[in-house]
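Novice: If you scroll down you'll find the structure; I have some questions about it.
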Amino acid sequence: MKIELISNDRRAVYYKLLKTAGIADTEVVDESIVAGVMLGDQPVGIVIAGMEEENMYLNRVWVLPEHRCQKIGTALVERLVSECILRDVEAIHFIQSQLLPKDAYEIDDIYLENEGIKKFFEKNDFFVAEEIVSEGESDTVIMSGSRVLF
């Protein structure tokens, strides 16, 4: 498994993967740290993070479904950690939110997806917190976390 930092000129190789993951082009800006995993000549995973002031924010870790549970996501996070250490970044943060209809608590898939995400980050040494914010006819599940490096 080869993990590479993806320079702007190499991002075209990962375009199809980004599209499959539902990652908008606007999420990947020139200042972003983007690393990807190739198996053979096929891109199978990507991590996107960006600096904001003195903080590193993990925007996305995504692996093709057929390649999950093979430690690819963990390898991508560790590549990001290495890059952060080189840049003297003290911590990596993430925040994600998901809008749910009021009856969503009856849907096991949403719960399992959130639990899977939470377990992934906890296994990768992130402290994770969840909060449910109710607004009108829907709820928003907000998951956030940090991994301190120094």
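Novice: Considering every residue within region 34-44, establish whether at least one is in contact with a strand residue (DSSP E or B) (Cβ under 9 Å, 6 or more places away or on another chain) and either surrounded by fewer than 11 Cβ atoms within 10 Å (Cβ to Cβ) or at pLDDT 90 or above (or both).
Specialist: Taking every residue of region 34-44 in turn, none turns out to be in contact with a strand residue (DSSP E or B) (Cβ under 9 Å, 6 or more places away or on another chain) and either surrounded by fewer than 11 Cβ atoms within 10 Å (Cβ to Cβ) or at pLDDT 90 or above (or both).
Novice: List, please: which pairs have Cβ atoms under 6 Å, are six or more places apart or on different chains, and start with a residue in region 108-119 that is within 16 Å of ASP139 (Cβ to Cβ) and end with one that is in a helix (DSSP H, G or I) and at pLDDT below 80?
Specialist: Short answer, once both residue conditions are applied: ILE110/ALA104.
Novice: Separate question: Name the residue that is surrounded by the most Cβ atoms within 10 Å (Cβ to Cβ), counting only residues in region 84-105 that are modelled with pLDDT under 90 and part of a helix (DSSP H, G or I). Before you say what the answer is, go through the steps one by one.
Specialist: Our first condition is that a residue be modelled with pLDDT under 90; within region 84-105, this holds for 87, 95-105.
Add one more test, that the residue is part of a helix (DSSP H, G or I), and what stays is 102-105.
Numbers: LYS102: 11, ASP103: 10, ALA104: 15, TYR105: 12.
Within region 84-105, the match that is surrounded by the most Cβ atoms within 10 Å (Cβ to Cβ) is ALA104.
The values are calculated or read from the model by the stated rules, or taken from the named source; none is laboratory data. Remember, predicted model here, so these are calculated numbers, not experimental data. So basically every Cβ, Gly included, is an ideal-geometry build from the backbone, and we count neighbours across all protein chains shown.
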